[in-house]
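Written below as structure tokens is the structure these notes are about.
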Amino acid sequence: MEPLEKPAQVALLPEKIPFVKPRLKVKIGDKVKVGTPVFEDKRNSNLIFLSPGGGKIANIDLGPRRAIKRVVIALDQDEEYETFPIFTEAQLENIERKSLIKTIMTGGLWPLFRELPFRDVADPDAMPPCIIVSLGANEPFQPVPEAYLKGNIALFEFGIKILQKLSQNLIISTSSENSYVIEQLNTHVTHVCQGVYPAEDPGVLLYHIKKTQAENQTLFINGQDLLLVAMLLGTGKYPVARTVVLGGTLAREKKHFFTRIGVPLGHLTKGRTVNVDNSRYIVGGIFRGYSDKKDSYMGFYETSLVLIPEGNEKEFLGFARPGFNKPSRSRAFLSYFNKSLLPMDCNCHGEERACINCGSCAETCPVDILPQFTYKCILSDEIEEALAHGMLDCVECGLCTYVCPSKIELCDVIKNTKKAYYLEQL
Amino acid sequence: MMKRLSKFFDARRKHFEDGKKFEKIRPLFEAIETFFFIPGNATQNHPHVRDSLDLKRLMSTVILALIPPLFFGIYNSGYQSNLASGLSLNFMAVFVNGLWIVIPVIMVSYGVGFFWEVLFASIRKHNISEGFLVTGLLFPLTLPPTIPLWQVAVGISFGVIFGKEIFGGTGKNFLNPALTGRAFLFFAYPGNMTGERVWTVISGMKSPAADAFSGATPLAVSAVSGAFNIVKSSLVNAGFTFPKLFFGAYPGSIGETSALMCLIGAFILIVTGIASYRIMFGGILGVLATAYPGYIFNQFYGNSSVPMLSLHPMYHLVMGGFAFGIIYMATDPVSAPGMNTSRWIYGFSIGALTVLIRVFNPAFPEGIMLAILFMNLFSPLLDHYEIKARLRKRVPNV
């Protein structure tokens, strides 16, 4: 892990926070401290998002239809901090649940709690059936828990105390490969998940352990994010520390960096890339993340930046090649025998075709949805049937889209339908 | 060469754009271009990476698996023809004659079928699906070598239009298009599809060998052998020993005679995971489970039962089109069920029905075609019930 020097600017990306309709509380040129409210959610004005830096609002970028894309803050040499109440463990014992939630909301970190199945920011008024803390999502190029937990075990345990006030039912899950977590947090870990991505995802875990319908509205929070909540209550300062991973074939140095929320992508990649033309910057992981421009910033939730080739070149007689280094889940290429690491790019490797009902998607789905049938229910507007198929259990991992030989955007169809269904209910 | 070809396509693409002269036949242009080049389209959404397998690769793997029966079919058609016509049995002579018999059939099938594909794709403004590459080759391999070319054209047209396109094209058809075409020819022109004379091309009209020649298929022989327990001996008398049936050098539809070649194809399909092994093994189980009880029963009450039941069940696996049908036709993913248990049931039922039709129905010596088409109709139902049972186990969300 390498600590990065302080960037010149940091930013907040309201657009990338799910379902939030931002209302700005600052304008260009305003002075802000670390922890000054920058925008609030129009649905609930208590849900506020704070400045990850102290300085001046340098720019507010608007996208199509005046959507707020970014609020850029130019950092001062010596940043000032807003102050928040400090809690000792004893004080925490006596605080009421409601006022604890209010403290976290005022401290701007409530959005780190997300609610299944729609992955919206958690409803502060509802009593969650359960809270899942996931230590390390095993998607490629996400920070390993060891990187952010080292030296912070006590803080993490303080975080667990906070969660115990929020819900009776606490699940702390990690992967069987995270021996560090299993050793250090032995007494706290409740579930150890085995398997490849996305076995550790809170949605997948919930799918496998839930018994009743009421458990569907479980909250989840990432291990690194729980540390932030613990820091807020422990130090009385808005925490901005982030452990971020840079990875991908076009990153010359693939490793963990210790930096802060909203850091510019260029600050992470400076001097650490190869062949910057025609590369794609993926923020948040190759399966779940979004691609962004080189001059953008890391989002509030995101902890990974992957650089891989765009791959928008044609390939001559591609279908007839033996394919010794073509990555594929199928056995239709000789790469089946090639156990070394294979090059990945963003090419679709084919054009979209009609579904031929091959069933590859259903074989990869971690929550036993039948994407090929569910997607047909959705296309024919049979939403009730799609719901019965478990559409809402979808963890949006993207594996069905990845394997589809007809190149159908299954995950996108299901994800958008979930979103539309949720918005209709609000 | 590659660069020049790429430039060639780039230079001509503008004529096929909207509002240009050839906009209507853009699917044709794209089909040809994407044959040479996998397009450079990058992902728009997450996940940002995609598997290398696409339909072109998938369908060309099926074509690869069809190569052994295709080549053996070419050889066998020539061999049977030369044998019956009293011509040289030299390998080259046989193979060249086989090419003369089979290639025109394949060319007509591909040419006419491709015309319909382009027409429908142009009207519907979508791309041409690779599925036709397989249909266009499967269809001729199920036909007798003597088939008149105009019937090939009519058959593939029926298969593509009524077996697939009127239901919305690839992915929405519930019948196997190649078999639909064959079934149409079978019922519309039975004189050219069944009987003893259709399986062998006789060249040189007056040859004495031709007059004495009986081109009966093993299935016909076993169906007409009248008395109990002589089916096997009448097969052997007609020259159909088990090894011969397995290797396939006997008269029959172009691609279906050799069980060995089909097994090689099955190996390719199963190893690459392209076709469902559940359907294939289900089919074999279905044949054995249906034929064995009859066979055993027949040993005790032979005289009063159907004579063909006295044939050892293993013969059903190697005779006629069963191997070809269960390996290449029944496994068409679109018209087969999508759920795994349903696939076992579907395959099993095809095997069972094949034997039942062969043994009990005097009108049809072969049963695999009707068995597959019949089970095609049932696959949505099988899926429906398996999905229903599976969904019952879920904890509901709403």
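Residues of the stretch B:45-89 that are within 14 Å of chain A (Cβ to nearest Cβ) and of a type in the set (A, V, I, L, M): B:Val49, B:Leu53, B:Leu55, B:Leu58, B:Met59, B:Val62, B:Ile63, B:Leu64, B:Ala65, B:Ile67. Scanning the stretch B:247-268 for residues that are part of a helix (DSSP H, G or I) and within 22 Å of B:Ala352 (Cβ to Cβ) gives B:Ala259, B:Cys262, B:Leu263, B:Ala266.
Pick from the stretch B:351-389 the residues that are buried (at least 16 other Cβ atoms within 10 Å of the Cβ) and charged (D, E, K, R): which of them is nearest to B:Phe184 (Cα to Cα)? Selected residue: B:Glu366. Screening A:Glu384, A:Glu396 for residues that are surrounded by fewer than 18 Cβ atoms within 10 Å (Cβ to Cβ), under 23 Å from A:Glu115 (Cβ atoms), charged (D, E, K, R) and not assigned by TED's automatic domain parsing to the domain that holds A:Glu115 leaves exactly one candidate, A:Glu384. In the stretch A:34-51, of all residues being buried (at least 18 other Cβ atoms within 10 Å of the Cβ) and in a loop (DSSP other than H, G, I, E, B), the one that is farthest from the chain's Cα centre (by Cα) corresponds to A:Thr36.
I'd like to know if the stretch A:87-107 contains one or more residues that are outside the structural domain of A:Phe258 (by TED's automatic domain parsing) and in a strand (DSSP E or B). For the stretch A:87-107, residues outside the structural domain of A:Phe258 (by TED's automatic domain parsing) and in a strand (DSSP E or B): absent. Does at least one position in the stretch A:132-140 carry a residue that is surrounded by fewer than 17 Cβ atoms within 10 Å (Cβ to Cβ), part of a loop (DSSP other than H, G, I, E, B) and on the phi > 0 side of the Ramachandran plot? So far as the stretch A:132-140 goes, no, none of its residues is surrounded by fewer than 17 Cβ atoms within 10 Å (Cβ to Cβ), part of a loop (DSSP other than H, G, I, E, B) and on the phi > 0 side of the Ramachandran plot.
Is it the case, given these coordinates, that A:Gly223 is under 20 Å from the mean Cα position of the chain (by Cα) and within 20 Å of A:Glu302 (Cβ to Cβ)? Give the steps one after another, and end with the answer.
On the way: under 20 Å from the mean Cα position of the chain (by Cα): yes; within 20 Å of A:Glu302 (Cβ to Cβ): yes.
It is true that A:Gly223 is under 20 Å from the mean Cα position of the chain (by Cα) and within 20 Å of A:Glu302 (Cβ to Cβ).
Within the stretch A:389-412, is there a residue that is more than 19 Å from the chain's Cα centre (by Cα), part of a helix (DSSP H, G or I) and among the basic types (Lys, Arg)? Checking the stretch A:389-412: not a single residue is more than 19 Å from the chain's Cα centre (by Cα), part of a helix (DSSP H, G or I) and among the basic types (Lys, Arg).
Scanning the stretch A:52-81 for residues that are in contact (Cβ under 8 Å) with a residue 40 or more places away in the chain and part of a loop (DSSP other than H, G, I, E, B) gives A:Pro52, A:Gly53, A:Gly63, A:Ala67, A:Glu79, A:Glu80. Taking the conditions (1) of a type outside the set (Gly, Ala, Ser); (2) free of Cβ contacts under 8 Å to residues at least 40 places away in the same chain; (3) in the same structural domain as A:Pro198 (by TED's automatic domain parsing) in turn, A:Met231 satisfies each one other than (2). Applying the criterion of being more than 8 Å from chain A (Cβ to nearest Cβ) and aliphatic (A, V, I, L, M) to the residues of the stretch B:5-44, the residue that is farthest from A:Lys415 (Cα to Cα) is B:Ala11.
Counting only helices (runs of 4 or more DSSP H) that fall entirely inside the stretch B:104-202 and contain at least 1 residues that are out of contact with any Ser or Thr (no Cβ under 6 Å at 6 or more places or on another chain), modelled with pLDDT of 90 or more and within 14 Å of chain A (Cβ to nearest Cβ), the qualifying elements are B:131-141.
For the stretch A:284-307, filtering for residues that are outside any loop (DSSP other than H, G, I, E, B) and either buried (at least 23 other Cβ atoms within 10 Å of the Cβ) or out of contact with any strand residue (DSSP E or B) (no Cβ under 8 Å at 6 or more places or on another chain) (or both) leaves 5.
Counting only helices (runs of 4 or more DSSP H) that sit wholly inside the stretch B:310-398, those with at least 3 residues that are among the aliphatic types (A, V, I, L, M), in contact with a helix residue (DSSP H, G or I) (Cβ under 7 Å, 6 or more places away or on another chain) and within 14 Å of chain A (Cβ to nearest Cβ) are B:368-391.
Candidates in the stretch A:128-143 are the residues that are modelled with pLDDT under 90 and out of contact with any strand residue (DSSP E or B) (no Cβ under 6 Å at 6 or more places or on another chain); of these, the one that is farthest from A:Asp41 (Cα to Cα) is A:Pro140. Applying the set (1) at pLDDT below 85; (2) surrounded by fewer than 20 Cβ atoms within 10 Å (Cβ to Cβ) to A:Phe319 leaves exactly one unmet item: (2).
The number of residues in the stretch A:308-334 that are in a loop (DSSP other than H, G, I, E, B) and free of Cβ contacts under 8 Å to residues at least 60 places away in the same chain comes to 17. For the stretch A:245-282, the set of residues classified as among the aliphatic types (A, V, I, L, M), in a strand (DSSP E or B) and without any contact (Cβ under 8 Å) to a residue 40 or more places away in the chain consists of A:Ile282 only. If I filter the stretch A:289-335 down to residues being facing chain B (nearest Cβ under 9 Å) and of a type in the set (Ser, Thr, Tyr), which single residue comes out as nearest to A:Phe220 (Cα to Cα)? Of everything passing the filter in the stretch A:289-335, A:Tyr290 is nearest to A:Phe220 (Cα to Cα).
For the stretch A:336-364, the set of residues classified as closer than 26 Å to B:Gly168 by Cα, more than 7 Å from chain B (Cβ to nearest Cβ) and polar (S, T, N, Q) consists of A:Ser360 only. Taken together, A:Pro239, A:Pro322, A:Pro264, A:Pro327 contain a single residue that is touching a strand residue (DSSP E or B) at 6+ places or on another chain (Cβ under 6 Å) and over 17 Å from A:Met1 (Cα atoms), which is A:Pro264.
The values are calculated or read from the model by the stated rules, or taken from the named source; none is laboratory data. Being a predicted model, the structure only gives us computed values, none of them experimental. Here Cβ is always computed from backbone atoms with ideal geometry, including for glycine, and neighbour counts include all displayed protein chains.
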